[in-house]
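Colleague: Input: one structure, supplied below.
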Number of protein chains: 2
Amino acid sequence: MTKIKVFGHRNPDTDAISSAIIFAHYLNEQGKDAEAVALGAPNEETQYALDYFKFDAPRIVETLANEDCEVALTDHNERQQSIEDIDQLTVRYVIDHHRIANFETDEPLYYRAEPVGCTCTILYKMYKEAGIDIPQNIAGLMASAICSDSLLFKSPTCTHEDVDAAKACAEIAGIDIKKYGLDMLKAGTNVKSKTAAQLVNADAKTFDMGEHKVRVGQVNCVDLNELKSRKAELVDEMTKQNEENGFESFLLMLTNILTKETALLVVGGLHPEIEKAFEHTIEDDFMSLPGVVSRKKQIIPPLSKQF
Amino acid sequence: MTKIKVFGHRNPDTDAISSAIIFAHYLNEQGKDAEAVALGAPNEETQYALDYFKFDAPRIVETLANEDCEVALTDHNERQQSIEDIDQLTVRYVIDHHRIANFETDEPLYYRAEPVGCTCTILYKMYKEAGIDIPQNIAGLMASAICSDSLLFKSPTCTHEDVDAAKACAEIAGIDIKKYGLDMLKAGTNVKSKTAAQLVNADAKTFDMGEHKVRVGQVNCVDLNELKSRKAELVDEMTKQNEENGFESFLLMLTNILTKETALLVVGGLHPEIEKAFEHTIEDDFMSLPGVVSRKKQIIPPLSKQF
């Protein structure tokens, strides 16, 4: 029997890792020889879920053509998000919830995509359809992935099927979904363990705004006060970065992913232009932006337009 | 509610027409507004099934961007097999059993493909999974499509899931699957209604074999004797074609799609070369070729090699 290696996308998140572990279990239950692998290490949020439900992180692989196997893709289909040597591999299964693009096979395959918020919601349905009992720890991972992708049901991508699946899985797993989900999301936004420099630099990018050089970073969290209480050290680090690199202004988005609001910490000049861009005032170095979570869609365009 | 138009591939066969009618019914049962359409008229086999189970042939469309709708593809996904203006349409569903290629969407969608012999086998499973009762006439169309695609379970593409689905559908529809299936396949290979010229020319192609011009045609049937009994008129027509067009030999494959055998009617010269190519003798103008059904894969390559 040809072995099936199952894996999610590069830079794996909780759904990518969980869906691979779960689909490998599903295939094994159907008498197939399947193993979950991963294209990277779990992030802190995912590690929290793996630890809680006592799973080892999947073995990390860079290529698979050398392993004499066929493959199953979860939570992705596009070539550039997949394993390096995907073009040399035979894809037998895809379970996904994204658009289809840059994907092609020579032979018929099993492909299951649905426009829901999480791959694990589809897997939950597949277990039900096939009449396979969902073990407690598998249900726990399913619930974790759905909480993660849906930001505890707050994301606009979340459907009623995701909510129903997560609640059913939480019951099997014996967890309080709201409490567990929040703890898991918090583990993924653990700012306590990071230095001010790590927080400020982790995800920052430089943008040329007209003649101005502006730096914009983002830190996700589930409690704005925890970050705001570290304002002094963040401002020190941002001021240092401005001086060293000639940024005219440094904007750090402190984003609460649960309440979907951003406190924008502004260090440097250009205050009038920035206030005008967002039609909000800066008070005590902060601009409060309810409903804003995306740098790409909600911060850069108004700034570009202004400058 | 946006209307969903459901259609199978160009030059529709029984699975293409049936799967569109059935998936539109499935969507309607789920409270969606769906209509089956088609990219061509039903062939004689399909018309037999539609008449038997009292369905109208779907309305034929050439474009859909003008109809303010979204679409569902059945029994195909590749752009070149689909509707002319597919690039201007939003695909919301695909139900298919082919490889995936030349297909891309901007948004997530419902995509269900399985490596089985017939699209209607997947639809049968989807009704079961969703707990939707399969009406008698819908079950009849499902059974028809599976009989067609699997050549009454004899095709190498037929899986045990196809057999199980067809039998279950036949029971719901109240038909004897072997008898009904054979009658339907026969309707699709109705040679009685065609003239010798129609049979000889319908599917014939000219091949340059070295310095020789050879014509090869094919007629599918479920009863070789019916065709063989018309040998005299077929030979007359083939002789005429050879004289008019300078073919050195005309080979007409009379293929029994049920027993998977071909009687090759050879009219003209090159007998020694043809006998050598297939390692069989020509007796009374016929060469008997058990197991041969494909011109492209089983006739042209040995001939090319010989000349």
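Colleague: Check A:Ala72, A:Ala16 and return the single one that is open to solvent by less than 50 Å² (accessible area, probe 1.4 Å), in contact with an Asp or Glu (Cβ under 7 Å, 6 or more places away or on another chain), closer than 13 Å to A:Ile95 by Cα and at pLDDT 95 or above.
Modeller: Numbers: A:Ala72 fails: in contact with an Asp or Glu (Cβ under 7 Å, 6 or more places away or on another chain).
After applying the criteria, what remains is A:Ala16.
Colleague: Is it fair to say B:Ile100 is surrounded by 18 or more Cβ atoms within 10 Å (Cβ to Cβ) and farther than 22 Å from A:Ile95 by Cβ?
Modeller: no
Colleague: Looking only at the range A:94-104, count how many residues are more than 21 Å from the chain's Cα centre (by Cα) and more than 7 Å from chain B (Cβ to nearest Cβ). Explain how you work it out, then say what you get.
Modeller: Let us first name the residues in the range A:94-104 that are more than 21 Å from the chain's Cα centre (by Cα), namely A:102-104.
Applying the additional criterion that residues be more than 7 Å from chain B (Cβ to nearest Cβ) yields A:102.
The number of residues fulfilling the criteria is 1.
Colleague: Can A:Glu70 be described as under 15 Å from A:Thr2 (Cβ atoms), charged (D, E, K, R) and either in contact with a strand residue (DSSP E or B) (Cβ under 9 Å, 6 or more places away or on another chain) or not in a loop (DSSP other than H, G, I, E, B) (or both)?
Modeller: So A:Glu70 fits the description; yes.
Colleague: For B:Leu254, which of the numbered conditions (1) more than 19 Å from B:Ile282 (Cα to Cα); (2) touching a residue at least 12 places away in the same chain (Cβ under 8 Å) fails to hold?
Modeller: (1)
Colleague: Among (1) assigned to a loop (DSSP other than H, G, I, E, B); (2) more than 14 Å from chain A (Cβ to nearest Cβ), there is one condition B:Leu50 misses while meeting the rest; what is its number?
Modeller: That leaves (1) as the condition not met.
Colleague: Right, another one. Report yes if A:Ser193 is among the small types (Gly, Ala, Ser), surrounded by 17 or more Cβ atoms within 10 Å (Cβ to Cβ) and outside any strand (DSSP E or B), otherwise no.
Modeller: So A:Ser193 does not fit the description; no.
Colleague: A follow-up question, please. With at negative phi and open to solvent by less than 20 Å² (accessible area, probe 1.4 Å) as the only criterion, which of B:Ala65, B:Ala41, B:Ala24 stands out?
Modeller: After ruling out the rest, the residue left standing is B:Ala24.
Colleague: Being open to solvent by less than 30 Å² (accessible area, probe 1.4 Å) and in contact with a Leu (Cβ under 8 Å, 6 or more places away or on another chain) is the filter; apply it to the range B:105-140 and report the residue that is nearest to the other protein chains (Cβ to nearest Cβ).
Modeller: In this case the residue turns out to be B:Ala113.
Colleague: Tell me, please, whether a residue that is assigned by TED's automatic domain parsing to the domain that holds A:Ala232, closer than 18 Å to A:Lys154 by Cα, free of Cβ contacts under 8 Å to residues at least 40 places away in the same chain and not charged (D, E, K, R) can be found in the range A:271-290.
Modeller: Yes: one or more hits.
Colleague: Let me ask another. Please list, ordered by first then second residue, the pairs with beta carbon atoms under 7 Å, 6 or more apart or interchain, first in the range A:148-177 and without any contact (Cβ under 8 Å) to a residue 40 or more places away in the chain, second in a helix (DSSP H, G or I) and open to solvent by 40 Å² or more (accessible area, probe 1.4 Å).
Modeller: Pairs found: A:Ile172/A:Gln136; A:Gly174/A:Gln136; A:Ile177/A:Lys167.
Colleague: Looking at (1) away from chain A (no Cβ under 14 Å); (2) at pLDDT 95 or above, which is the only condition B:Leu151 fails?
Modeller: The one condition B:Leu151 does not meet is (2).
Colleague: For the list (1) within 14 Å of another protein chain (Cβ to nearest Cβ); (2) more than 17 Å from A:Ile22 (Cβ to Cβ), I need the number of the one condition that A:Ala65 fails.
Modeller: Here A:Ala65 clears every test but (1).
Colleague: In the range B:205-225, how many residues are open to solvent by less than 60 Å² (accessible area, probe 1.4 Å) and over 19 Å from B:Glu273 (Cα atoms)?
Modeller: 5
Colleague: B:Cys147 fails exactly one of the following numbered conditions: (1) out of contact with any helix residue (DSSP H, G or I) (no Cβ under 7 Å at 6 or more places or on another chain); (2) closer than 24 Å to B:His9 by Cβ. What is the number of that condition?
Modeller: Among (1) out of contact with any helix residue (DSSP H, G or I) (no Cβ under 7 Å at 6 or more places or on another chain); (2) closer than 24 Å to B:His9 by Cβ, B:Cys147 violates only (1).
Colleague: Quick one: would you say A:Glu78 is modelled with pLDDT under 95 and either charged (D, E, K, R) or farther than 24 Å from B:Arg99 by Cβ (or both)?
Modeller: Numbers: modelled with pLDDT under 95: yes; either charged (D, E, K, R) or farther than 24 Å from B:Arg99 by Cβ (or both): yes.
Yes, satisfied.
Colleague: Which residues, taken from the range B:171-217, are touching a Leu at 6+ places or on another chain (Cβ under 6 Å) and among the small types (Gly, Ala, Ser)?
Modeller: If the condition is that a residue be touching a Leu at 6+ places or on another chain (Cβ under 6 Å) and among the small types (Gly, Ala, Ser), then B:Gly181, B:Ala196, B:Gly217 are the ones that fit.
Colleague: Scan the range B:148-181 for residues that are at negative phi, of a type outside the set (Ser, Thr, Tyr) and surrounded by fewer than 16 Cβ atoms within 10 Å (Cβ to Cβ) and report the count. Can you show your working first?
Modeller: Filtering the range B:148-181 for residues at negative phi gives B:148-150, B:154-173, B:175-181.
This time we only want the ones that are of a type outside the set (Ser, Thr, Tyr), so: B:149, B:154, B:156, B:158, B:160-173, B:175-179, B:181.
The next check asks that each one be surrounded by fewer than 16 Cβ atoms within 10 Å (Cβ to Cβ); those that pass are B:154, B:156, B:160, B:164, B:167, B:171, B:176, B:178-179.
Final tally of qualifying residues: 9.
Colleague: For B:Leu89, all conditions in the list (1) more than 20 Å from B:Ser18 (Cβ to Cβ); (2) surrounded by fewer than 22 Cβ atoms within 10 Å (Cβ to Cβ); (3) within 14 Å of chain A (Cβ to nearest Cβ) hold save one; what is the number of the exception?
Modeller: Among (1) more than 20 Å from B:Ser18 (Cβ to Cβ); (2) surrounded by fewer than 22 Cβ atoms within 10 Å (Cβ to Cβ); (3) within 14 Å of chain A (Cβ to nearest Cβ), the lone unmet condition for B:Leu89 is (3).
Colleague: Okay, next question. Within the range A:13-44, which residues are over 13 Å from A:Asp75 (Cβ atoms), touching a residue at least 60 places away in the same chain (Cβ under 8 Å) and under 15 Å from the mean Cα position of the chain (by Cα)?
Modeller: Result: A:Asn43, A:Glu44.
The values are calculated or read from the model by the stated rules, or taken from the named source; none is laboratory data. Treat the numbers as computed from the prediction; the structure is a model and nothing was measured. We place every Cβ from the backbone using ideal geometry, glycine too, and count neighbours over all the protein chains shown. Surface accessibility is based on the protein's heavy atoms, side chains included, excluding ligands, DNA and RNA. Shrake-Rupley method; radii C 1.70, N 1.55, O 1.52, S 1.80 Å.
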